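Peer 1: I'd like to ask some things about the structure below.
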Amino acid sequence: MADVTIDRVNKEFGAVKVLKNIELEIRDGEFLVLVGPSGCGKSTLLRMIAGLESVTAGNISIGGAKVNGVAPKDRDIAMVFQSYALYPHMNVRKNLSFALRIRKASEEEIEKRVKLASEILGLSELMDRLPKQLSGGQRQRVAMGRAIVRDPQVFLFDEPLSNLDAKLRIQMRKEIKELHQRLKTTSIYVTHDQIEALTMADRVVVMRDGVIEQAGPPLELYDRPANIFVAGFIGAPA
Ligand code: ADP
Ligand code: MG
């Protein structure tokens, strides 16, 4: 069963076509990485799945239901942002609970979910701190916690590690993968970093100029690139 289906999706900004007939199925529980050079359309595709951009033509389905026209807050997805997107004036507990509170969850439900997320991410001792009182890694965990508390069907990540230093980035890749192994939530992860794609993905989708050049497991792309662009992109030094 596909959890997210992208069916001949096109996106135009004015006269500029930025996505051209994208066809892609993301399977239930899969960790799919969307990789490609800056400007190729990765964020636009992710934002369309989230409902933050309209679809010019084609259909997007989540969990078998067509979502074209469904508001972002009514889609069963949660987006993981870079850690600097935390609310600076709210402590960790409030950062985690905010999305549930605006969706009018009960206090009991909020407490239960925030407790579970903070345990999973090792944040239990830090609940009263403000973001500026946390390390970079701790902040990134809070950013992930904000998505986890929603318990969505799909996680969407848009270059969540790009403002971290190299050492922390490697550690957080590992933590995100461990989290996925534990929760098994269908995940779509966008990056322009081919090493990140190859080390994290169950399946990699390589994009260029609004089209998919190749999709497959990391080893397949590495061993049998479909064309010279994929070979060059995957083989280029980081
Ligand atoms: P990526 O995430 O792969 O770097 P984007 O999806 O952000 O690429 O952008 C794809 C293309 O669409 C780029 O050429 C970008 O300039 C253009 N674009 C993105 N958002 C808009 C917008 N709101 N209006 C006009 N053009 C946009
Ligand atoms: Mg982008």
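Peer 1: Classify region 1-130: rounded, prolate or oblate, from the alpha-carbon gyration tensor (a ≥ b ≥ c, eigenvalue square roots; a/c under 1.5 rounded; otherwise prolate if a/b is larger than b/c)?
Peer 2: It comes out prolate by the Cα gyration axes.
Peer 1: Further question: With point charges of +1 on the Cβ of Lys and Arg and -1 on the Cβ of Asp and Glu, referenced to the Cα centre of the chain, which listed residue (ALA85, GLY51, GLY29) lies farthest in the positive direction of the dipole?
Peer 2: Projecting each Cα onto the dipole axis, the largest value belongs to ALA85.
Peer 1: Taking only DSSP H segments of four or more residues, each worth -39500 (n - 2.57), what value at 222 nm results for the chain once the sum is divided by all its residues, to the nearest 500 deg cm²/dmol? Can you show the working numbers first?
Peer 2: Details: 8 runs with 87 residues, N = 238.
Estimated from H runs of four or more residues: -11000 deg cm²/dmol.
Peer 1: Also: Of VAL206, VAL16, GLN138, which is farthest on the positive side of the dipole of the chain, counting Cα position, with +1 on Lys and Arg Cβ, -1 on Asp and Glu Cβ, and the Cα centre as origin?
Peer 2: Of the candidates, GLN138 comes out farthest on the positive side.
Peer 1: Counting DSSP beta bridges with both partners in the chain, what percentage is antiparallel, nearest 5?
Peer 2: Numbers: 20 of 38 bridges.
Counting DSSP beta bridges with both partners in the chain, the antiparallel share is about 55 percent.
Peer 1: What is the helix-to-structure angle for 92-102, meaning the angle in degrees between its Cα long axis and the longest Cα principal axis of the chain, kept from 0 to 90 and rounded to the nearest 10?
Peer 2: Between the helix axis and the principal axis of the chain, the angle is about 70 degrees.
Peer 1: Same structure again: Evaluate the relative contact order of the chain (contact order divided by residue number), counting alpha-carbon pairs under 8 angstrom at least 6 apart; express in whole percent. If you can, show how the numbers build up before the last one.
Peer 2: On the way: 440 pairs, mean separation 65.2, N = 238.
Reported relative contact order: 27 percent.
Peer 1: So, one more: Where does the charge balance sit around PHE229 when Lys and Arg score +1, Asp and Glu -1, over other residues with C-beta under 13 Å from its C-beta?
Peer 2: Working: positive: ARG208; negative: ASP209, GLU213.
So the surrounding residues net to -1.
Peer 1: Can you tell me the FRET efficiency between VAL16 and LEU52 if r is taken as the Cβ-Cβ distance and R0 is 25 Å, rounded to the nearest 0.05? Intermediate results must be reported in sequence, preceding the final value.
Peer 2: Numbers: r = 18 Å, r/R0 = 0.72.
The value I calculate is 0.85.
Peer 1: Now for a different question. Please report the net charge: other residues with Cβ closer than 14 Å to the Cβ of GLU108, K and R +1, D and E -1. Don't jump to the answer; show the numbers that get you there.
Peer 2: Numbers: positive: ARG101, LYS104, LYS112, ARG113, LYS115; negative: GLU107, GLU109, GLU111.
Once positives and negatives cancel, what remains is +2.
Peer 1: Sticking with this structure for a sec: Compute the helix-to-body angle for 107-121: its Cα long axis versus the longest principal axis of the chain, expressed 0 to 90° and rounded to tens.
Peer 2: Approximately 60 degrees, to the nearest 10.
Peer 1: Let me know the charge dipole size of region 1-96 about its Cα centre in debye, to the nearest 20, where only the beta-carbon of Lys, Arg (+1) and Asp, Glu (-1) is charged. Write out the running numbers ahead of the final one.
Peer 2: On the way: 12 positive and 10 negative charges, 73 e Å.
Dipole magnitude for region 1-96 comes out near 360 debye.
Peer 1: If each residue's Cβ is checked for other Cβ atoms within 10 Å, how do HIS89, HIS180 rank with the fewest at the top?
Peer 2: On the way: HIS89 10, HIS180 19.
Ordered from fewest to most neighbouring Cβ atoms within 10 Å, HIS89, HIS180 come out as HIS89, HIS180.
Peer 1: Still on this structure, please answer the following. Quick one: angle between helix 166-183 and the longest Cα principal axis of the chain, in degrees between 0 and 90, rounded to 10, please.
Peer 2: The two axes meet at around 80 degrees.
Peer 1: Right, another one. For ASP28, what residues show an amide H to amide H distance below 5 Å, using hydrogens built from the backbone and excluding near sequence neighbours?
Peer 2: Long-range HN contacts for ASP28: ASP3.
Peer 1: Related question: Treating only the Cβ of Lys, Arg, Asp and Glu as charged (+1, +1, -1, -1), what charge dipole size does the chain show about its Cα centre? Round to the nearest 20 debye.
Peer 2: Values: 34 positive and 30 negative charges, 128 e Å.
Charge dipole, the chain, about its Cα centre: 620 debye, nearest 20.
Each value in this text was obtained by applying a stated rule to the coordinates, not by laboratory testing. Only a predicted model underlies this, so the values are computations on that prediction, with no experimental measurement involved. Heads up, the Cβs are rebuilt from the backbone with ideal geometry, glycines too, and the neighbour counts pull from every protein chain shown.
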